[in-house]
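Worksheet for the structure shown next.
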């Protein structure tokens, strides 16, 4: 069948002896499967102003809970200052980066918990945000 397809393309002048993909049903089904496999996932379209709304909500969270948010921000700044201090010591730098990489998701989970509680109308609590990782420990440990 393949040689007939090549021959018909050559005789009809439609090609240079190369079959088109749709002429061979096996190849076209494989190509369709590959296209489905590597197709990008469907996504929702965002309005152009969506990031500005997100930043406005983050600023509202910061204004509503300044101490909790500033504590977490202060910890991140302290981490950066500590890294900068040990910049010349490669072994210490590696240990600190590893440790900070492990700590950061737990702090972020606390910030997410504060924002979630505010959105739900539940009074947010700093002490609750410090242990927010307990409900998602399996996901954070990955």
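Residue separation times 0.36 nm, minus the C-alpha to C-alpha distance between residue 122 and residue 70: what's the value?
Details: separation 52, 0.36 × 52 = 18.72 nm, distance 2.03 nm.
Difference between extended and current length: 16.7 nm.
D by Stokes-Einstein for segment 50-140, Kirkwood Rh over Cα pairs, 4 °C, 1.567 mPa s: 89 µm²/s. If R0 equals 25 Å, the separation of the Cβ atoms of residue 102 and residue 54 corresponds to a calculated FRET efficiency of about 0.40.
Projecting label points 7 angstrom from Cα along Cα→Cβ for residue 84 and residue 42 puts them 4.8 nm apart.
FYI, it's all coordinate maths here, none of it is from the lab. Please read all numbers here as calculations on a predicted model, not as lab measurements. Please note: Cβ atoms are built from the backbone with ideal geometry, for glycine as well, and neighbour counts cover all protein chains shown.
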